[in-house]
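Chemist: Submitted below is the structure of interest, expressed as structure tokens.
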Amino acid sequence: MSIDESTAARVAKLARIRVEPEALPELAEDFNRILGFIEQLNEVDVEGVEPMTSVTPMRLKRREDQVDDGGHAAQVLSNAPDAREGFFAVPKVVE
Amino acid sequence: MADLNTLGLAEARDLLRKGETTSVELTEACLKAIDAADVLNAFVHKTPEIAMERARAADARLQAGDAPAMCGLPIGMKDLFCTEGVPSQAASRILDGFRPEYESTVSANLRDAGAVMLGKLNMDEFAMGSSNETSAYGNAINPWRRDGDDTALTPGGSSGGSAAAVAADLCLAATGTDTGGSIRQPAALTGTVGIKPTYGRCSRWGIIAFASSLDQAGPMTKSVRDAAIMLGAMCSHDPKDSTSADLAVPDFESLLSGDIRGKTIGIPREYRVEGMPAEIEKLWNDGTEMLKAAGAKVVDISLPHTKYALPAYYVIAPAEASSNLARYDGVRYGHRAKLAQGDGITEMYEKTRAEGFGDEVQRRVMVGTYVLSAGFYDAYYNRARKVRTLIKRDFEQAFAAGVDAILTPATPSAAFGLGEMTEADPVQMYLLDVFTVTVNLAGLPGITVPTGRDAQGLPLGLQLIGRPWEEADLLNTALALESAAGFVAKPARWW
């Protein structure tokens, strides 16, 4: 598998990271080196092996489905780059 | 009496309880040492007011006879832990200015156990790195230097600031986190002790997430006994982390005896990697002999899938990181890029993340995005998770055959010069975690102990890997190794 510049550009877009066009060749090269390293995994016979989901067998805890906390709007907004009238503010999303 | 900042946790605790010193005196000694060591760039946010307030409170508790495990002991906190009202930015520009409104469970446990926080410690950005060179704060510097050579060396990473601070006696101990070796590798490169407990021992709540199925917090200390004391104070079951274990936390310190007679230590042949330096080989053989002399039985074992641990890690960790780091979007906290006329929300995301994330973080987020994308999920991500099952099974079979702990090198070399590895391609840097990363994939506890020095005088360490949830037994074996190795060297002060 070889990653070309257009694939690198598509991955950057999916990751929502702006990459300038002149940086794409080096990025594609980095991807190829890392993916080449990962390719070794194809040597392993994984037939019939379940993907690992937890470190030791344990049931995830459940809790009662009830409100037990809340009412912290001011704290939630305190680190926002732009907050107005109790909301996060962002550039216009809908025309 | 030695300078108070050079004490370990156990010695300082005993002096405090005997009334021979005070937390205020200990804390002042550390704050003075920190101010004199800015060149190490270990402490990146100092919190002297918080420290002195907690020191005075600790002295009052000691006077009243109410002294919990860490009462009055000054420590450093890795920048990955959210600490209320104190900058917590994972060494990233994208969290510039972020001051959490809450305290992580681990740092709250330490605070409640009486620990005094001196400040926040340098690290690789989002814990992604093995040399502390991806930090937005700049490099942390190892207090150790090669004999007769003033080249600045890496303290390792990602918990490089923690390792440098403990080795340079800027604090009595520090917190670290370990996703692929980030506690154990820097501890080994600085002549300190670092333990990553079993996945689930420490709550991850309030620790800025990198790869959630691998991340664990642990202590970085000056001795195995100190690691036992501090680990006990950090662990707890936490309803806010569904993966934290609902198991009683043993009194690790009281279970330390150093007696390992009759224990079985496994030596995995696959860790004898190609091109291993002779001095690492010798260190490992010496360690094996020390454990034998202490009465343990040593057996050769095989962990056949070891070779595939790093490639599996470099699928799973970036995949989880790409998901975890999706939250940094310029909306709720941290950095937001300045926008041009007509820029919409997508431009805001893309510019914010391009400005806020450093190169290595961008690279890993994008690799993670790729391996999770449609058409590749099975070929990469699911395959890596299956290989992870096989890696874990290797360890389970060794333990089932009667092995109590596994002895391996901690790192492929001693500390290297800053900048020496950055010119190499990213994969070369990844290889530094070859001995530590299997432990995270399998979720096991692992500890590194300094046991020798290389030809240039730099510290080297060995790693012990234990059975799940048996940190007490692992610490005990580590104590035996520490006692036999008798490593007491400290870096000569040049800063």
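Chemist: What FRET efficiency would be calculated for the residue pair B:Ser257, B:Lys32, taking the C-beta separation as r and a Förster radius of 35 Å, to the nearest 0.05?
Modeler: It comes out at approximately 0.40.
Chemist: Could you rank the peptides A:63-74, B:6-17, B:110-121 by their average count of other C-beta atoms within 10 Å per residue, with the highest value first?
Modeler: Taking the mean over residues of other Cβ atoms within 10 Å, the ranking is B:110-121, B:6-17, A:63-74.
Chemist: B:Arg383: net charge of surrounding residues, Cβ under 13 Å, Lys/Arg +1, Asp/Glu -1, itself excluded?
Modeler: Details: positive: B:Arg385, B:Lys386, B:Arg388; negative: A:Glu39, A:Glu43, A:Asp45, A:Glu47, A:Glu50, B:Asp378.
Here the count lands on -3.
Chemist: Using a 10 Å cut-off on Cβ to Cβ distances, tally the other chain neighbours for every residue of A:74-84 and report the average as a whole number.
Modeler: Across A:74-84, the average partner-chain Cβ count within 10 Å equals 4.
Chemist: Could you tell me the calculated FRET efficiency between B:Arg146 and B:Thr422, based on Cβ-Cβ distance and R0 = 25 angstrom, to the nearest 0.05?
Modeler: Calculated transfer efficiency: 0.85.
Chemist: At R0 = 45 Å, how high is the FRET efficiency between B:Glu355 and B:Glu396 if r is their beta carbon distance? Nearest 0.05 is fine.
Modeler: Step by step, r from the Cβ atoms, then E = 0.50.
Chemist: Which of the pairs B:Lys196/B:Lys392; B:Lys32/B:Lys490; B:Lys18/B:Lys46; B:Lys32/B:Lys120; B:Lys18/B:Lys120; B:Lys196/B:Lys222 have their Cα atoms more than 21 Å apart in this structure?
Modeler: As for pairs spanning more than 21 Å Cα to Cα, those are B:Lys18/B:Lys46; B:Lys18/B:Lys120.
Chemist: Shifting gears a bit: Rounded to the nearest 500, what is the 222 nm mean residue ellipticity of chain B from helices alone, with -39500 (n - 2.57) per DSSP H run of 4+ residues and division by all residues?
Modeler: Rounded to the nearest 500, it is -11000 deg cm²/dmol.
Chemist: Hey, another quick one. Determine the sum of side-chain charges near B:Pro268: Lys and Arg each +1, Asp and Glu each -1, restricted to other residues whose C-beta is under 12 angstrom from that of B:Pro268.
Modeler: In short, 0.
Chemist: Something else: Expressed as a rounded percentage, what relative contact order does the stretch B:262-413 have, with Cα pairs under 8 Å and six or more residues apart?
Modeler: 41 percent
Chemist: Here's something else I'd like to know. Tally Lys/Arg at +1 and Asp/Glu at -1 over every other residue whose Cβ is under 11 Å from the Cβ of B:Glu84; what's the total?
Modeler: 0
Chemist: List the residues of the stretch B:101-136 whose backbone N lies under 16 Å from a point placed 7 Å from the Cα of B:Glu49 along the Cα-to-Cβ direction.
Modeler: Counting only backbone N, you get B:117-120.
Values quoted throughout were computed directly from the atomic coordinates according to the rules given, and no laboratory measurement underlies them. Computed from a predicted model, the values in this text were never measured in an experiment. Neighbour counts run over all protein chains shown; Cβ positions are idealised from the backbone, glycine included.
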